Amino acid sequence: MHDNLIILAGGASSRMKKPSTSTALSEDEINQANERSKGLIGVGPNGRPLLDYVLYNARKAGYKNIYIVISEQGALFKEFYGSQLKDNDFHGMNISFAIQYIPEGREKPLGTADALFQAVTQFPELNEQFYSVCNSDNLYSAEAFLELRKSRAPHAFIAYDRDALEFPHERVSRFAVAHMDNDNALLNIVEKPAVEDIPKYADEKGKIRVSMNAFKFEGKAFYPYLKNCPIHPERNEKELPTALLNMVHDFPGTAVGIPFAEHVPDLTAKDDIVDVKRYLEKHFPELHWG
């Protein structure tokens with residue numbers, strides 16, 4: 001099992017900065033949502049960020065080396081998790097930071113595939129190892145993380161049962177659908193499928209599966225697909241699913257979906273802050289790092 005987890009936290013958080021009509025948010029929470037990276041918003045007791053809980057579950061799953069991809073303005077991450085660029089100790093985990101630099105002529109980062117490419121370029125040892133990748137603003141369970149570590153496939157992702165995600169139907173219906181064969185090998189990731197077409201993408205158990213950006217990759221094999229990932233024509237970013245599908249096209253059967261059914265708390269917009277705080281109060285009244 002591999003010990004490396006790369007956490008993507010260098011995005012612009014554009015949707016989080018949009019206004020909210022919620023009356024349940026404090027002025028401080030609104031300010032944090034407007035100014036901080038999403039994973040650093042203080043949703044836990046004593047103002048601790050969501051990323052604490054991601055790291056807590058990663059540690060329970062056995063990850064030892066954590067690489068957090070931050071923006072050039074990501075100094076606040078170092079206040080929480082270590083002042084050095086690499087080899088900070090945080091509850092027994094080794095925390096390092098990769099910087100996602102914005103290309104000249106752009107105002108926003110170039111996307112998730114670019115973030116991962118910059119991370120493995122700055123820490124090239126990852127290109128000779130296996131590693132997992134996840135978002136900083138989704139709370140994946142320790143069990144899901146462990147399944148990524150245990151997977152024997154060269155590349156894998158957690159294939160979540162769409163019906164188990166506790167989001168409004170309108171929100172879930174916008175998720176891209178993972179199309180897998182009967183052995184759970186990834187065939188395609190279908191964006192915005194027509195409602196009448198969705199049933200044909202169900203797995204052998206009749207479940208519609210979606211990705212929440214929790215992946216495992218073999219560094220050497222995936223590197224060229226990160227390096228050569230094209231820019232999405234609509235979103236103008238290099239995206240991990242694009243790089244993954246390009247690799248699957250060349251090497252069918254090498255990426256598998258790991259079926260999983262659970263909710264994944266998510267900080268996308270300001271209104272999510274209230275729901276995530278409520279979830280943490282119920283499921284994580286305390287973090288027992290010891």
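The values are calculated or read from the model by the stated rules, or taken from the named source; none is laboratory data. If you're wondering where the values come from, they're calculated on a predicted model, not measured in any experiment. Cβ coordinates were reconstructed from backbone atoms using ideal geometry, including for glycine residues, and neighbour counts include every protein chain displayed.
Annotations
- Every residue from the stretch 216-260 that is over 21 Å from HIS179 (Cβ atoms) and either among the polar types (S, T, N, Q) or touching a residue at least 12 places away in the same chain (Cβ under 8 Å) (or both): GLU218, GLY219, LYS220, ALA221, TYR223, LEU226, LYS227, ASN228, ILE231, ASN236, GLU237, LYS238
- Breaking point among (1) within 27 Å of ALA119 (Cβ to Cβ); (2) in contact with a strand residue (DSSP E or B) (Cβ under 7 Å, 6 or more places away or on another chain); (3) surrounded by 20 or more Cβ atoms within 10 Å (Cβ to Cβ), for GLY219: (3)
- Output for the stretch 119-170, where each listed residue is free of Cβ contacts under 8 Å to residues at least 12 places away in the same chain and assigned to a loop (DSSP other than H, G, I, E, B): ARG152, PRO168
- If you go through the stretch 208-235 and keep only what is assigned to a loop (DSSP other than H, G, I, E, B) and under 22 Å from GLU128 (Cβ atoms), you end up with ASN228, CYS229.
- Among residues of the stretch 236-290 being assigned to a loop (DSSP other than H, G, I, E, B) and of a type in the set (S, T, N, Q), the one that is surrounded by the fewest Cβ atoms within 10 Å (Cβ to Cβ) is ASN236.
- The set of residues in the stretch 245-290 that are under 27 Å from ARG15 (Cβ atoms) and polar (S, T, N, Q) comprises ASN246, THR268.
- Only one of the numbered conditions (1) under 17 Å from the mean Cα position of the chain (by Cα); (2) of a type in the set (D, E, K, R); (3) modelled with pLDDT under 95 is not met by GLU147, and that is (3).
- Whichever residue in the stretch 1-25 is farther than 29 Å from HIS155 by Cβ and either in a helix (DSSP H, G or I) or not small (Gly, Ala, Ser) (or both) and, among such residues, is nearest to the chain's Cα centre (by Cα): MET16
- Conditions (1) assigned to a strand (DSSP E or B); (2) crowded, with 18+ Cβ neighbours inside 10 Å: number failed by ASN188: (2)
Yes/no matrix, rows are residues, columns are (1) in contact with an Asp or Glu (Cβ under 9 Å, 6 or more places away or on another chain); (2) closer than 25 Å to TYR101 by Cα:
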| residue | (1), (2) |
| --- | --- |
| ASN213 | no, yes |
| TYR223 | no, yes |
| LYS238 | yes, yes |
| PHE251 | no, no |
| PRO259 | yes, no |
| LEU280 | no, no |
| LEU287 | yes, no |
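- Residue pairs whose Cβ atoms lie under 6 Å apart, sitting 6 or more positions apart in sequence or on different chains, and linking a residue in the stretch 92-118 that is within 14 Å of ARG235 (Cα to Cα) to a partner that is among the β-branched types (Val, Ile, Thr), are PRO109/ILE102.
- Selected residue (criterion: modelled with the highest pLDDT) from residues of the stretch 172-190 that are under 20 Å from the mean Cα position of the chain (by Cα) and farther than 17 Å from PHE215 by Cβ: VAL190
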